[in-house]
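Undergrad: The structure is given below, and queries will be raised subsequently.
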Amino acid sequence: MNYAFGVLLLIWTNYSLLLMSKLTLDEFFNYTEFTSLTLAPSNSQSILIQTRHRIWDHNINEYHLHLYSLDGKTKTLLTRHASSLLRPRWQGEWIVYLSGNQSNTIHLYSTRMEQTFSLPLSNESIHAFTLSNTSLYFATRTPWTNETDKAYKDEWNDVIEYRDKERGDTIYRVNLEDINRFQIEILANISLRVVELVCSFDGRRLVFSTESTLQHIESMDDYDVYSIDLTDHSSIVPRRLTNNQRIERNLKWFNNESFLFTVTNEGSINGEYRDTQGRLYSYDFLNGNIHRWADQFTGSIRAYDLLENGQQGLIILGQLNTEIQVYTQQSKSSPLVKKIGWNGTYESIVTTCNDNKSIIAFLHSSFDVPQEVYFVDNIDQLNLAQSITNENKLFKERNLPKGILLYPPDKFEQKNLPLLVLIHGGTYFADLNVFYADWYFCAIIMATEGWLVLQPNYRDSSGYGDEFLYGVRLKMVSRPGKDILFGVDALIRDGIADPRQLAIGGYSYDGYLTNWLITQTTRFNAAIIGAGAIEHVIDWGANDMPKSNAYFLGGYPWQMPTRYQEEAAVFEMNKVKTPTHIVTGGIDVRVPVAESYLLERSLRVLGIPTKLIVFLGQGHELNNNPWHEKIKVREELKWLQKYGHMCVSPCEGYLV
């Protein structure tokens, strides 16, 4: 009886899938992305949710800020034009946010008065802001007087003094006790750019992190944490708290005498510069000591928050292999405890606590469940969390690809399928059991169009231990490239992938790898590459993360000339046979746009079919115009259809 019921259920499930429509390209790009969550500081059963929306008629992305009740029954729009750069803050009755088109103006929404106040605070863009119970603190580039600005323009006209024109930041305070008569007070000047500001619970200390004024990772001396004693009104001089080879992120106070921060793939706390997986630390003001939390965890720390205002320690999101799960830790010396929850990926976890009752909100998704916002009031009952949003319900109504190896709809576990190797970027990223849908995370639509999609986690990927991460150093394309080819061979050997229909692609660092791999084998019929370098000298000299190039290749170009050449695809371009599609942002500085022009010219000289698309006004993230996102994926699908099914060389045997 049970067997018969199981058979009937399987038949009904498959029949239901057949009735579902396949996802279209237009539907794919109507996926709602959640960009920040902020719980009410009091027990008001409210949450602030920011989402990204593509406004096709105006060629822009809008960031909407809504105030939801936790039961999802009420939803109040605060703005359609929130900034994507700085997440909102909520303290007491005040919700503070920036507008995307007014970067020098702070907006304060009073939950008590249900009214928004706009404070034009500076002629300069605001870099960071935070709140205490009575004050707003913010940082901008130190402004010039009108006379200084005029004198400079008279002398230099439109000529750019590279570096020399850059200047540091000024930190200010605004008293919020009388919002109608606010006054701005200068707290401190610093020679660097402020990244984050956080005020202690008692309002006595301000802590901030810094970066270079150019926002280029060249010297780790630019990246440290400072504090300001707000009780000393006679002389407010920032005190440097850290001096090491790492970049501190995600500052948060633990109590009035210590704060927490993460270091993710950007240096190390001890000794010389060395990248690691995500780690979590606390700084103790009483003795200046830095302690590592979750020090026995072998994966990557991705996020954290306080549990019951820190009385129960921390709630931590940790990535192991392809999942991000929830953990708790009572103290820095206590064991890390994994909580029982759903399979997949938890993100953006936030907490609040009143009267010893916690509320926990988070994002969750998995391969077959689109991302939504959930909440729960008991950390031990994560699998009973209730959804607050239902923004992506359309994706539950479509016949989607299945599996970690993404099979086309209706072809799960079939054999001899056309294979697209879609490489994740980074470095130090990983493909996860998660549901994303955009121009970068486009595996779902690629599989919907008939491709079996392999998203390999090669050496360099996070979540597999630090030693696995270190495997990329000194062999930044050749070693992970071999890992990828071994994965393709395994699929061919098992009869899953059709050796006559192989394609490959990736964006950013995965573009570097794709460029390299089409010089190592001619078995790929088509390549789709975005913002990938084919050499490392100009890349080091012109990108905004030269520290990474020097770290991966063991030194500067003049110190390691042989390695810079051995790991560069440009010197082996004569081996390429694969038709290659290329995209790049017109003002990209993460991977200089010159690399894409160099790749296109090399292929054209060699007579290889190629096409280069440049998205004007776009940087590396391609986030200014939604049409650019759709055109990228649309044209890549056309390229795969045109070339992906025709061998450019003998199609037998393995790649390695």
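The values are calculated or read from the model by the stated rules, or taken from the named source; none is laboratory data. Please read all numbers here as calculations on a predicted model, not as lab measurements. Neighbour counts are summed over all protein chains in view; Cβ atoms, including those assigned to glycine, are modelled from backbone coordinates with ideal geometry.
Undergrad: Across region 242-253, which residue is modelled with the lowest pLDDT among those that are surrounded by 12 or more Cβ atoms within 10 Å (Cβ to Cβ) and part of a loop (DSSP other than H, G, I, E, B)?
TA: Looking only at region 242-253, we keep the residues that are surrounded by 12 or more Cβ atoms within 10 Å (Cβ to Cβ), and these are 242, 244-253.
Still in the running and part of a loop (DSSP other than H, G, I, E, B): 242, 244, 247-248.
On the way: T242: 94, N244: 89, I247: 93, E248: 94.
That would be N244.
Undergrad: Right, here's the next one. Looking at (1) surrounded by 16 or more Cβ atoms within 10 Å (Cβ to Cβ); (2) over 26 Å from T522 (Cα atoms); (3) out of contact with any Phe, Trp or Tyr (no Cβ under 6 Å at 6 or more places or on another chain); (4) of a type in the set (D, E), which is the only condition E600 fails?
TA: E600 satisfies every listed condition except (2).
Undergrad: Only residues that are in a helix (DSSP H, G or I), surrounded by fewer than 17 Cβ atoms within 10 Å (Cβ to Cβ) and touching a residue at least 24 places away in the same chain (Cβ under 8 Å): list them for region 490-499, please.
TA: Filtering region 490-499 for residues in a helix (DSSP H, G or I) gives 490-493.
Next, from what is left, pick out any that are surrounded by fewer than 17 Cβ atoms within 10 Å (Cβ to Cβ): 490, 493.
Hit for region 490-499 is R493, nothing else.
Undergrad: Here's another thing I want to ask about it. Within region 107-116, can you find the residues that are surrounded by 18 or more Cβ atoms within 10 Å (Cβ to Cβ) and either closer than 19 Å to N175 by Cβ or among the acidic types (D, E) (or both)?
TA: First, pick out the residues of region 107-116 that are surrounded by 18 or more Cβ atoms within 10 Å (Cβ to Cβ): 107-109, 111.
Correct list: H107, L108, Y109.
Undergrad: How many of the residues making up region 435-467 are in contact with a Ser or Thr (Cβ under 7 Å, 6 or more places away or on another chain) and either part of a helix (DSSP H, G or I) or hydrophobic (A, V, I, L, M, F, W, C) (or both)?
TA: 2
A quick yes/no check of all residues on (1) crowded, with 21+ Cβ neighbours inside 10 Å; (2) outside the structural domain of V421 (by TED's automatic domain parsing); (3) of a type outside the set (K, R):
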| residue | (1), (2), (3) |
| --- | --- |
| R523 | yes, no, no |
| A533 | yes, no, yes |
| I538 | no, no, yes |
| H581 | yes, no, yes |
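Undergrad: Find the residue count for region 629-656, including only residues that are within 30 Å of L85 (Cβ to Cβ) and crowded, with 20+ Cβ neighbours inside 10 Å.
TA: Number satisfying all stated conditions: 4.
Undergrad: Out of region 42-69, which residues are more than 26 Å from the chain's Cα centre (by Cα) and outside any strand (DSSP E or B)?
TA: S42, N43, S44, Q45, D57
Undergrad: Specify which of the listed residues (F208, F182) is among the aromatic types (F, W, Y) and modelled with pLDDT under 95. Let's see the steps before the verdict.
TA: On the way: F208 fails: modelled with pLDDT under 95.
None of the others qualify; the one that does is F182.
Undergrad: Scan region 581-601 and give yes if some residue there is in contact (Cβ under 8 Å) with a residue 24 or more places away in the chain, outside any strand (DSSP E or B) and more than 26 Å from D544 (Cα to Cα), otherwise no.
TA: No; the residues of region 581-601 include none that is in contact (Cβ under 8 Å) with a residue 24 or more places away in the chain, outside any strand (DSSP E or B) and more than 26 Å from D544 (Cα to Cα).
Residue by residue, here is whether (1) in contact (Cβ under 8 Å) with a residue 40 or more places away in the chain; (2) buried (at least 16 other Cβ atoms within 10 Å of the Cβ) holds:
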{"residue": "D57", "(1), (2)": "no, no"}
{"residue": "N61", "(1), (2)": "yes, yes"}
{"residue": "L77", "(1), (2)": "no, no"}
{"residue": "Y97", "(1), (2)": "no, yes"}
{"residue": "T105", "(1), (2)": "no, no"}
{"residue": "S118", "(1), (2)": "no, no"}
{"residue": "S132", "(1), (2)": "yes, yes"}
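Undergrad: What is the residue count in region 434-454 for residues that are in contact (Cβ under 8 Å) with a residue 60 or more places away in the chain and among the small types (G, A, S)?
TA: To start, the set of residues in region 434-454 that are in contact (Cβ under 8 Å) with a residue 60 or more places away in the chain comprises 434-440, 442, 444-446, 448-449, 451.
Still in the list and also among the small types (G, A, S): 437.
Number of matching residues: 1.
Undergrad: Right, here's the next one. Among (1) closer than 24 Å to W253 by Cα; (2) free of Cβ contacts under 8 Å to residues at least 12 places away in the same chain, where does I126 come up short?
TA: In the conditions (1) closer than 24 Å to W253 by Cα; (2) free of Cβ contacts under 8 Å to residues at least 12 places away in the same chain, I126 misses (2) alone.
Undergrad: Hey, does region 547-556 have a residue that's without any contact (Cβ under 8 Å) to a residue 12 or more places away in the chain and closer than 28 Å to I587 by Cα?
TA: yes
Undergrad: Any residue that is surrounded by fewer than 24 Cβ atoms within 10 Å (Cβ to Cβ) and either over 25 Å from W540 (Cβ atoms) or touching a Ser or Thr at 6+ places or on another chain (Cβ under 7 Å) (or both) - is there at least one of those in region 475-485?
TA: Looking for residues that are surrounded by fewer than 24 Cβ atoms within 10 Å (Cβ to Cβ) and either over 25 Å from W540 (Cβ atoms) or touching a Ser or Thr at 6+ places or on another chain (Cβ under 7 Å) (or both), one finds at least one in region 475-485, hence yes.
Undergrad: May I ask you to verify whether E572 is modelled with pLDDT of 95 or more, of a type outside the set (F, W, Y) and closer than 27 Å to G487 by Cα? Can you show your working first?
TA: Numbers: modelled with pLDDT of 95 or more: yes; of a type outside the set (F, W, Y): yes; closer than 27 Å to G487 by Cα: yes.
Yes: the conditions hold for E572.
Undergrad: Restricting attention to region 578-615, report how many residues are under 18 Å from G644 (Cα atoms) and hydrophobic (A, V, I, L, M, F, W, C).
TA: Residues in region 578-615 being under 18 Å from G644 (Cα atoms) and hydrophobic (A, V, I, L, M, F, W, C): 5 in total.
Undergrad: Filter region 556-579 down to residues that are farther than 17 Å from T519 by Cβ and either in contact with an Asp or Glu (Cβ under 6 Å, 6 or more places away or on another chain) or surrounded by 14 or more Cβ atoms within 10 Å (Cβ to Cβ) (or both), then give me how many there are. Before the answer, list the steps.
TA: The initial filter retains those residues of region 556-579 that are farther than 17 Å from T519 by Cβ, namely 556-562.
After this cut, where a residue has to be either in contact with an Asp or Glu (Cβ under 6 Å, 6 or more places away or on another chain) or surrounded by 14 or more Cβ atoms within 10 Å (Cβ to Cβ) (or both) as well, the list is 556-557, 560.
So the count comes out to 3.
Undergrad: Taking region 98-122, which residues are assigned to a loop (DSSP other than H, G, I, E, B) and closer than 28 Å to T231 by Cα?
TA: In the first step, residues of region 98-122 are kept if they are assigned to a loop (DSSP other than H, G, I, E, B); the result is 100-101, 111-114, 121-122.
Once the filter is applied, which keeps residues that are assigned to a loop (DSSP other than H, G, I, E, B) and closer than 28 Å to T231 by Cα, region 98-122 yields L121, S122.
Undergrad: What are the pairs, 6+ residues apart or on separate chains, where a residue within region 226-241 that is in a strand (DSSP E or B) has its Cβ under 8 Å from a residue that is modelled with pLDDT under 85?
TA: I228/I236; D229/I236
Undergrad: Go through the residues of region 216-224 one by one and say whether even a single one is among the acidic types (D, E), crowded, with 19+ Cβ neighbours inside 10 Å and under 30 Å from the mean Cα position of the chain (by Cα).
TA: Yes, region 216-224 contains at least one residue that is among the acidic types (D, E), crowded, with 19+ Cβ neighbours inside 10 Å and under 30 Å from the mean Cα position of the chain (by Cα).
Undergrad: Based on what the data block shows, is D275 surrounded by 20 or more Cβ atoms within 10 Å (Cβ to Cβ), of a type in the set (D, E) and either under 30 Å from D431 (Cα atoms) or in contact with a strand residue (DSSP E or B) (Cβ under 9 Å, 6 or more places away or on another chain) (or both)? Let's see the steps before the verdict.
TA: Values: surrounded by 20 or more Cβ atoms within 10 Å (Cβ to Cβ): yes; of a type in the set (D, E): yes; either under 30 Å from D431 (Cα atoms) or in contact with a strand residue (DSSP E or B) (Cβ under 9 Å, 6 or more places away or on another chain) (or both): yes.
Taking the combined requirement at face value, the residue satisfies it.
Undergrad: Among the residues of region 70-82, what is the count of those that are in contact with a Phe, Trp or Tyr (Cβ under 7 Å, 6 or more places away or on another chain), assigned to a loop (DSSP other than H, G, I, E, B) and modelled with pLDDT of 95 or more?
TA: Counting residues in region 70-82 that are in contact with a Phe, Trp or Tyr (Cβ under 7 Å, 6 or more places away or on another chain), assigned to a loop (DSSP other than H, G, I, E, B) and modelled with pLDDT of 95 or more gives 0.
Undergrad: Considering only region 622-656, how many residues are within 23 Å of the chain's Cα centre (by Cα), at pLDDT 95 or above and part of a loop (DSSP other than H, G, I, E, B)?
TA: Residues that pass the stated criteria total 2.
Every residue, every condition in (1) closer than 22 Å to S44 by Cβ; (2) touching a strand residue (DSSP E or B) at 6+ places or on another chain (Cβ under 6 Å), yes or no:
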position	(1), (2)
I315	yes, yes
V326	no, yes
Q329	no, yes
E347	no, yes
N356	yes, no
S365	no, yes
E372	yes, yes
D377	yes, yes
N383	no, no
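Undergrad: Would you mind telling me which numbered condition in (1) surrounded by 12 or more Cβ atoms within 10 Å (Cβ to Cβ); (2) assigned to a loop (DSSP other than H, G, I, E, B); (3) touching a residue at least 40 places away in the same chain (Cβ under 8 Å) P143 fails?
TA: All conditions are met except number (3).
Undergrad: Residues being touching a residue at least 40 places away in the same chain (Cβ under 8 Å) and surrounded by fewer than 18 Cβ atoms within 10 Å (Cβ to Cβ): count how many of those fall in region 191-212.
TA: Matching residues across region 191-212 total 4.
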